[in-house]
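Peer 1: I have a structure here, written as structure tokens, and I will follow up with some questions on it.
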Amino acid sequence: MLVLQLGSSLRDLLPVVLVVAFFQLVVVGRPLPEALAPGQLLLGVVLVLLGLTLFIRGLEVGLFPLGETLARELAERGHAFWLFAFAFLLGFGTTIAEPALIAVASKAAVVVAETGMLGDAAAAMEQFALQLRIVVAFSVGTAVMLGVWRILTGWPLHLMIIAGYVVVLLLTLVAPPTIVGIAYDSGGVTTSTITVPLVTALGIGLATCIRGRNPLLDGFGLIAFASVMPIIFVLVFGILAF
Amino acid sequence: MLATLGATIVDVLPIIAVVFGFQFLVIRKRIERLGRILAGFAMVVVGLAVFLVGLDMALFPIGELMAFQLVAADFLPALGPGETRHWSDFYWVYLFAFAIGASATIAEPALIAVSMKAAQISGGTLDAFWLRVAVALGMAFGIALGTWRIVTGLPLFWFVLGAYVLVIVQTSLAPRNIIPLAYDSGGVTTSTITVPIIAALGVGLASAIPGRDPLLDGFGMIALACLFPIITVMGYAQLADYRQRRRSPRS
């Protein structure tokens, strides 16, 4: 099974490596700069491949079965309080562990530190990255909760998303321009390796249990919330913090 | 490496606390195959740490390297005396962004699963392969547009506003059963491997191009990469719907 997962990670990585190699060899046609040893680059790629494989396989063996049963059982019991609490904490917990968000938050911290806003102490950068991730995780928790609310009430998805877009655009007008790019990007990175399978399982589990809901129509769409809400929260974070 | 391992334990702790907490406090059932599940969590922690080390060694440097090389003065077409740089001189940047976006998406396992499910729901109107092509084109276009925005320095706000308007217009026109799926397809395109490369490419471009600020201009590509697949997927659904109706008129 681990080998199968390795193949899947490889399929994910290979096209990117081929494009980069083509551009490096054919278009740029220059050796790598001194600072970047090809051996180190290759080792990094191998580590990415192995790490991602182990990570995803671990999720499939550990977190996903447990999380999915939990989502189904809570949906069946239909106890609203526990359902909402679980939705929030699931969104929060999965987002904190999301590798793509760790990557973007650390990049954002480096760039913000370069402007001198944080001072260049490594500790300040780490703290900013962590704050950003907590804000995003909080927003995804809220989004999943809202998504569960939508499935329970059957409100139309697109109206809620469009309302979210309007809030995003209005907030952008008052937010400091320095946070806008980071805020918009944080919407895209939250919905990745860990969050999507678990949140989708919760949505489909709920939509299956509730009469009059179509799992295919109502089960999806939780992810859509999870990509609008972080933009709103990070913009507010920017307004308050900068 | 050890420091990273310590940090990833903290990263994974909240979700572990959530699932075990609910299992013991609310569900109150014994967990079957506990050993296997614990082994899974250990793999998650170690895998994440290894990935993050590789990220700093390879993915970030690759994105930055391409950004700096493709906008280097001796790589771009030569400028005549007194000429200023036109945005069209950066065509290799746009092509690279497009190629990365398209190639990373078309083989993405999550997308393959979603598009097969979507093809099933549609009852044969939609084709899983063309759905993937629609998502890949949307993603590639979004990233290429994102690099063009960095080169020109235009505000991200207008691009996102334009994309939102397109999404809203498309939503009112597209077949209703595709809408939730189209919205979700924007989220699945950004994989754990492509996101760091795109982020590094954007920040690298904004640092290397004179007059651009990494903080103001470097981010935003991921946002556009998430929005355009929504538009292209709804567009493909409309096209498929239209062809279906032409083929079987008044039936």
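The values are calculated or read from the model by the stated rules, or taken from the named source; none is laboratory data. In this text the structure is predicted, and so the values were computed from the model without any measurement. Don't worry about glycine lacking a Cβ; one is built from the backbone with ideal geometry, like all the others, and counts go over all protein chains shown. Each accessible area value is taken on the protein alone, full model and side chains, heavy atoms only, with ligands, DNA and RNA left out. Shrake-Rupley method; radii C 1.70, N 1.55, O 1.52, S 1.80 Å.
Peer 1: Filter the helices (runs of 4 or more DSSP H) completely within region B:1-114 down to those with at least 1 residues that are more than 7 Å from chain A (Cβ to nearest Cβ), closer than 20 Å to A:Leu25 by Cβ and open to solvent by less than 20 Å² (accessible area, probe 1.4 Å).
Peer 2: On the way: elements: B:2-22, B:34-54, B:60-70, B:91-106.
Filter on region B:1-114 gives B:60-70, B:91-106.
Peer 1: Let me ask another. Would you confirm, using the coordinates I've provided, whether A:Leu130 is in a helix (DSSP H, G or I) and either facing chain B (nearest Cβ under 7 Å) or surrounded by 22 or more Cβ atoms within 10 Å (Cβ to Cβ) (or both)?
Peer 2: Details: in a helix (DSSP H, G or I): yes; either facing chain B (nearest Cβ under 7 Å) or surrounded by 22 or more Cβ atoms within 10 Å (Cβ to Cβ) (or both): no.
For A:Leu130, the condition - in a helix (DSSP H, G or I) and either facing chain B (nearest Cβ under 7 Å) or surrounded by 22 or more Cβ atoms within 10 Å (Cβ to Cβ) (or both) - is not met.
Peer 1: Are any of the residues in region A:183-203 modelled with pLDDT of 85 or more and either of a type in the set (A, V, I, L, M) or surrounded by fewer than 17 Cβ atoms within 10 Å (Cβ to Cβ) (or both)?
Peer 2: yes
Peer 1: If you don't mind, another one. Among the listed residues B:Ala110, B:Ala140, B:Ala104, which satisfies the condition of being closer than 26 Å to A:Ile56 by Cα and modelled with pLDDT of 90 or more? Show your work before the answer.
Peer 2: On the way: B:Ala110 fails: modelled with pLDDT of 90 or more; B:Ala104 fails: modelled with pLDDT of 90 or more.
Exactly one of B:Ala110, B:Ala140, B:Ala104 is closer than 26 Å to A:Ile56 by Cα and modelled with pLDDT of 90 or more, namely B:Ala140.
Peer 1: For A:Leu83, all conditions in the list (1) touching a Pro at 6+ places or on another chain (Cβ under 7 Å); (2) modelled with pLDDT under 90 hold save one; what is the number of the exception?
Peer 2: (1)
Peer 1: Can you give me the number of residues within region A:73-99 that are out of contact with any Gly (no Cβ under 9 Å at 6 or more places or on another chain) and closer than 24 Å to A:Arg133 by Cα?
Peer 2: Result for region A:73-99: 7.
Peer 1: Does A:Arg30 fit the bill of being of a type in the set (Lys, Arg), facing chain B (nearest Cβ under 8 Å) and open to solvent by 30 Å² or more (accessible area, probe 1.4 Å)? Break it down into steps so the answer makes sense when it comes.
Peer 2: On the way: of a type in the set (Lys, Arg): yes; facing chain B (nearest Cβ under 8 Å): yes; open to solvent by 30 Å² or more (accessible area, probe 1.4 Å): yes.
Considered against the rule, which asks whether it is of a type in the set (Lys, Arg), facing chain B (nearest Cβ under 8 Å) and open to solvent by 30 Å² or more (accessible area, probe 1.4 Å), A:Arg30 comes out as yes.
Peer 1: A further question follows. Return yes when B:Ala136 is facing chain A (nearest Cβ under 9 Å), open to solvent by less than 10 Å² (accessible area, probe 1.4 Å), part of a helix (DSSP H, G or I) and closer than 21 Å to B:Tyr94 by Cβ and no when it is not. It would help to see each step written out before you state the result.
Peer 2: Details: facing chain A (nearest Cβ under 9 Å): no; open to solvent by less than 10 Å² (accessible area, probe 1.4 Å): yes; part of a helix (DSSP H, G or I): yes; closer than 21 Å to B:Tyr94 by Cβ: yes.
No.
Peer 1: Tally up the residues in region A:1-19 that are open to solvent by less than 20 Å² (accessible area, probe 1.4 Å) and among the small types (Gly, Ala, Ser), please.
Peer 2: 1
Peer 1: Of B:Gly186, B:Gly204, which residue is more than 9 Å from chain A (Cβ to nearest Cβ), outside any loop (DSSP other than H, G, I, E, B) and crowded, with 24+ Cβ neighbours inside 10 Å? Before the answer, list the steps.
Peer 2: Details: B:Gly186 fails: more than 9 Å from chain A (Cβ to nearest Cβ).
Within the list B:Gly186, B:Gly204, the selection yields B:Gly204.
Peer 1: Could you figure out which of (1) more than 7 Å from chain B (Cβ to nearest Cβ); (2) open to solvent by less than 30 Å² (accessible area, probe 1.4 Å) isn't true of A:Phe22?
Peer 2: Going through (1) more than 7 Å from chain B (Cβ to nearest Cβ); (2) open to solvent by less than 30 Å² (accessible area, probe 1.4 Å) one by one, A:Phe22 breaks only (2).
Peer 1: Could you list all residues from region B:214-251 that are open to solvent by 20 Å² or more (accessible area, probe 1.4 Å), among the small types (Gly, Ala, Ser) and part of a helix (DSSP H, G or I)?
Peer 2: B:Gly235, the sole residue that qualifies.
Peer 1: If you don't mind, another one. For region B:144-176: of the residues being open to solvent by 30 Å² or more (accessible area, probe 1.4 Å) and β-branched (Val, Ile, Thr), which is nearest to the other protein chains (Cβ to nearest Cβ)?
Peer 2: B:Ile168
Peer 1: Test A:Gly67 against the stated conditions and say whether it is under 25 Å from the mean Cα position of the chain (by Cα), at the interface with chain B (Cβ under 7 Å from one of its Cβ atoms) and free of Cβ contacts under 8 Å to residues at least 40 places away in the same chain. Reasoning before the result, please.
Peer 2: On the way: under 25 Å from the mean Cα position of the chain (by Cα): yes; at the interface with chain B (Cβ under 7 Å from one of its Cβ atoms): yes; free of Cβ contacts under 8 Å to residues at least 40 places away in the same chain: no.
So A:Gly67 fails the test.
Peer 1: What tally of residues in region A:69-95 results from selecting those that are crowded, with 24+ Cβ neighbours inside 10 Å and of a type in the set (Val, Ile, Thr)?
Peer 2: Qualifying residue count, region A:69-95: 2.
Peer 1: If you don't mind, another one. Name every residue in region A:38-68 that is surrounded by fewer than 21 Cβ atoms within 10 Å (Cβ to Cβ) and charged (D, E, K, R), in order of residue number.
Peer 2: A:Glu60, A:Glu68 - these are the residues of region A:38-68 that are surrounded by fewer than 21 Cβ atoms within 10 Å (Cβ to Cβ) and charged (D, E, K, R).
Peer 1: Which condition from (1) away from chain A (no Cβ under 11 Å); (2) in a loop (DSSP other than H, G, I, E, B); (3) touching a Leu at 6+ places or on another chain (Cβ under 9 Å) is the one that B:Gly211 breaks?
Peer 2: (3)
Peer 1: Determine, yes or no, whether A:Val174 is at pLDDT 80 or above and out of contact with any Phe, Trp or Tyr (no Cβ under 6 Å at 6 or more places or on another chain). If you could, list the steps in order and put the result at the bottom.
Peer 2: Working: at pLDDT 80 or above: yes; out of contact with any Phe, Trp or Tyr (no Cβ under 6 Å at 6 or more places or on another chain): yes.
So A:Val174 passes the test.
Peer 1: A further question follows. Sort out which residues of region A:205-228 are at pLDDT 75 or above and within 12 Å of another protein chain (Cβ to nearest Cβ), and write them in order of number.
Peer 2: A:Ala207, A:Leu222, A:Ile223, A:Ala224, A:Phe225, A:Ala226, A:Ser227, A:Val228
Peer 1: Moving to a separate point now. Could you please let me know if A:Phe233 is at pLDDT below 75 and under 17 Å from the mean Cα position of the chain (by Cα)?
Peer 2: No, not satisfied.
Peer 1: Give all pairs with beta carbons closer than 6 Å in which a residue from region B:4-22 that is farther than 24 Å from A:Leu202 by Cα meets a residue that is open to solvent by less than 40 Å² (accessible area, probe 1.4 Å) and part of a helix (DSSP H, G or I); count only pairs at least 6 apart in sequence or on separate chains.
Peer 2: B:Thr4/B:Ala49; B:Thr4/B:Leu52; B:Thr4/B:Val53; B:Leu5/B:Ala49; B:Thr8/B:Val45; B:Thr8/B:Leu48; B:Thr8/B:Ala49; B:Ile9/B:Val45
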